[in-house]
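Asks: Pasting a structure here, questions to come.
FYI, it's all coordinate maths here, none of it is from the lab. This is a predicted model, so every value here is computed, not measured. Note that each Cβ is placed from the backbone with ideal geometry, even for glycine, and that neighbours are counted across all protein chains shown.
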Amino acid sequence: MDLHVSEAMGRPDLIRLDDGLLCLRFETMKIVSALAAVRHLLDTGTVRRGDTLIDSSSGIYAYALALACHRYGMRCHIVGSTTVDHTLRTQLDVLGAHVEQMPPSSDLKLDQSRRVARVREILRDHPGHHWMRQYHDDVHYLGYEAVAALVREETGGGPLTLVGGVGSGASTGALAHYLRKNSVDVLLVGVQPYGSVTFGSEHVADPEIIIAGIGSSIPFGNVRHDLYDTVHWLAFDAALAGSVDLLRRHAVFAGLSTGAAYLAARWERSEQARRNVLFIAADTGHRYVDTVFARHREAAAIEDLTPRPVHGTAELTLPWSRMTWQGAPAPRAAINDQVGTGRQPPGGGGSRPRRS
């Protein structure tokens, strides 16, 4: 029996959608990393019950951290993006989190920079607060060790292609790390939006939006580029088509980043018939009812969408590009020398095996 609702909400479902195509479905994925991170900080004496944990968030991590603080008796302070909606803001208020929300901005980089600057101001005035640094601290890898064990057990430990949004690195990267640590043959496929510095697409603008949660306009310190074998970049319209098709074909109601991962996973499955291909559904589709699912009639047929193969980021074009990454180093614009930890994820091991 679970002792707190966050434990139930953080437990994923593994669903076989088709021959060789698997979906790892979360209600809210970042609960996994937030719970384990807070527990680790308490166990190591870094923080104590009653302390205030602070971080910046565009939405999902804010909810996850608020639940973890509720679970472990901590105070929670969130500097939220302009994208935090009324429903989430209300839940955070009731859970006891203190929320500061940035003013409206059409510039994602400005929104992210403002949030980080505000966190630093708060820490200057309240040095006893602990900054969770979800984008930079490898402690957020820890929660995925149990998820990797579940995947390994349910798939029999055979060859696996793992597909999902890169985000802060503490999801696809962490799962690949722990699976490889246990000798699973894993090909890691990262999904990125256009306009993200993480894998070098900041020079290509998406006329719609940057897909929240899987990319960034500022460097993230806990993305391990050496873990990734392949990268897909998808625009909003392609991800919308993927989300709509996933609901229509498989009845899985999931967010926009999942639609992008689903398209990439289908393509990888068509190229690798002998491997199971598993993609991550990081959250449900409720936040996207108006912006995505209400537009289902204009969604392109996914059979008409194929990625353009590119050999360098200078060749990236909308709506979908694919590049063999092969563990290459991070692009210079993706390196933040001041905040990167430079550490291996907790637990050691798990390096990306070199392939001929």
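Asks: Taking a temperature of 10 °C and a viscosity of 1.306 mPa s, what whole-number D in µm²/s does Stokes-Einstein yield for the stretch 31-138 with Rh from Kirkwood over alpha carbon pairs?
Replies: Working: Rh = 13.8 Å.
In µm²/s, the coefficient is 115.
Asks: Connecting C-alpha atoms closer than 10 Å in a GNM of the chain, tell me which of HIS286, HIS86, HIS98 has the biggest fluctuation.
Replies: Per the Cα network of the chain with a 10 Å cutoff, HIS86 tops the list.
Asks: Also, I was wondering about something else. By count of other Cβ within 10 Å, fewest leading, how are MET102, MET29 ordered?
Replies: Details: MET102 20, MET29 32.
Listed from fewest to most nearby Cβ atoms, that is MET102, MET29.
Asks: Right, something else. Give me the extension gain from ASP19 to LEU150: residue separation times 0.36 nm, minus the current Cα-Cα distance, reported in nm with one decimal. Don't jump to the answer; show the numbers that get you there.
Replies: Numbers: separation 131, 0.36 × 131 = 47.16 nm, distance 1.94 nm.
Difference between extended and current length: 45.2 nm.
Asks: Where does the longest stretch of the chain lie that holds no trypsin sites (Lys or Arg not before Pro) found in a DSSP loop with 11 or fewer other Cβ atoms within 10 Å? Please list the in-between numbers first.
Replies: Values: sites that count: ARG48, ARG49, ARG274, ARG354, ARG355.
After excluding every exposed loop site, the longest remaining stretch is 50-273.
Asks: Could you tell me the distance between the Cα centroids of the stretch 9-74 and the stretch 128-186, to the nearest Å?
Replies: 13
Asks: Does the stretch 202-277 come out rounded, prolate or oblate, given a ≥ b ≥ c as the square roots of the eigenvalues of its C-alpha gyration tensor, rounded meaning a/c under 1.5 and, failing that, prolate meaning a/b above b/c?
Replies: On the way: a/c = 2.01, a/b = 1.19, b/c = 1.68.
The shape class here is oblate.
Asks: Next up: Fully extended, how many nm does the chain gain between ALA205 and GLU303 (0.36 nm per residue separation, minus their Cα-Cα distance)?
Replies: Values: separation 98, 0.36 × 98 = 35.28 nm, distance 2.43 nm.
In short, 32.8 nm is gained.
Asks: Filter the chain for me: DSSP H helices, axial length by Cα at least 15 angstrom, mean Kyte-Doolittle hydropathy not below 0.0. List them by residue number. Present the calculation step by step, with values, prior to reporting the outcome.
Replies: On the way: long enough: 30-43 (20 Å, 0.99); 60-72 (18 Å, 0.78); 108-125 (26 Å, -0.84); 144-155 (16 Å, 0.05); 236-250 (20 Å, 0.23); 256-271 (23 Å, -0.38).
Both cut-offs are met by 30-43, 60-72, 144-155, 236-250.
Asks: Tell me the label-point distance for the pair HIS4, ARG120, using the 7 Å Cα-to-Cβ offset, in nm and rounded to one decimal.
Replies: Taking the two extended label points, one gets 3.1 nm.
Asks: List the residues whose amide H sits under 5 Å from the amide H of CYS76, counting only those 5 or more places along or on another chain, with H placed 1.01 Å from N in the peptide plane.
Replies: Distant-sequence amide H within range of CYS76: LEU53, HIS98.
Asks: Quickly estimate the mean residue ellipticity at 222 nm for the chain, helices only: each DSSP H run with n ≥ 4 gives -39500 (n - 2.57), and the total goes over all residues, rounded to 500.
Replies: Only helices count here, giving -10000 deg cm²/dmol.
Asks: Something else about it: With each label point set 7 Å from Cα along the Cα-Cβ vector, what nm distance links GLU100 and ALA273?
Replies: Label at GLU100, label at ALA273, 5.8 nm between them.
Asks: Sticking with this one: Counting other Cβ atoms within 10 Å, keep those with at most 10, restrict to DSSP loop, and tell me which chymotrypsin sites (Phe, Trp or Tyr not before Pro) in the stretch 142-227 are left.
Replies: none
Asks: Determine ³J(HN,Hα), in whole Hz, for all residues of the stretch 321-327 in sequence, where each value follows from phi through the Karplus function 6.51 cos²θ - 1.76 cosθ + 1.60 and θ = phi - 60°; x replaces Gly and Pro.
Replies: With coefficients 6.51, -1.76 and 1.60, one gets 10, 9, 9, 6, 9, 6, x Hz.
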